[in-house]
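Below is one structure; the comments refer to it alone.
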Amino acid sequence: MKKILLAIALSVSAFSRSFAQQPAPSGAPAAPPMRLTTTAFPDGGIIPIKFTQAAPGAAPGGGTSPELTWSNVPPGTQSFVLHMHDVDVARNKTADDNLHWLVWNIPGTLTSLPEGIPAGAQLSDGSYQVNVFTPSYRGPGAAASGPLHHYVFEIFALDTKLDIKPGADGEGSAVRAKILKAIEGHVIGKAAYVGLFKRPQ
């Protein structure tokens, strides 16, 4: 009987050692990061005049918005926020920079915005837009006498939609503050793209 019990104990011990030495199952591969791209200019390159306030025939503070495409959207995305800002400007002695375009509640099923988004607070897909002054895209407009400015386009994937409406003209910075606060805890993906510009001499 003792021999049988000893044999069982040795078998259990050997099985336990064998099990412990098995490699832990590897985790699922990390999802690829989101990417934001445009055919209008290379990342880190010069933004063409067409997409700026210096474009021939552009309204003051206007310009044509570039086509933008994003990929590797995280599962569970309900909406997107697009944020374009000039990071070389400090407004009103604060850390705020210059808001050029903010589009929110872009449907989570979309993966691009076409060139030339029209002005207007609410777009046909249900999303909203503002810049620092008006409900539209505001192209780059850095002065010719200064350095090139860095215009950053950011796309945020959210696990929710935002219950925020545009304010009156001139309230774009306040709306942006509300948006950036509201997305805290809901960002499940992000990508950025940078363009450079200053007006020609």
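The values are calculated or read from the model by the stated rules, or taken from the named source; none is laboratory data. All values derive from a computational prediction rather than experimental measurement. Here the Cβ is made from the backbone with ideal geometry for all residues, glycine too, and neighbour counts use every protein chain on show.
The residues of region 60-81 that are farther than 17 Å from residue 112 by Cβ and either buried (at least 16 other Cβ atoms within 10 Å of the Cβ) or among the basic types (Lys, Arg) (or both), listed by number, are 61, 62, 63, 78.
Going through region 166-201 one residue at a time, which ones are modelled with pLDDT of 95 or more and among the charged types (D, E, K, R)? Selection gives 176, 178, 181, 184, 190, 198, 199.
Let's see how each residue does on (1) in a strand (DSSP E or B); (2) at pLDDT 70 or above; (3) surrounded by fewer than 12 Cβ atoms within 10 Å (Cβ to Cβ):
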site: 3; (1), (2), (3): no, no, yes
site: 18; (1), (2), (3): no, no, yes
site: 25; (1), (2), (3): no, no, yes
site: 29; (1), (2), (3): no, yes, yes
site: 42; (1), (2), (3): no, yes, no
site: 50; (1), (2), (3): no, yes, no
site: 54; (1), (2), (3): no, yes, no
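With the condition kept exactly as written, say whether any residue in region 183-199 is touching a residue at least 40 places away in the same chain (Cβ under 8 Å), in contact with a helix residue (DSSP H, G or I) (Cβ under 9 Å, 6 or more places away or on another chain), loosely packed, with under 15 Cβ neighbours inside 10 Å and of a type outside the set (Ser, Thr, Tyr). No, the conditions are met nowhere in region 183-199. For region 152-170, a residue qualifies if it is charged (D, E, K, R) and surrounded by 15 or more Cβ atoms within 10 Å (Cβ to Cβ), and the qualifying residues are 154, 159, 161.
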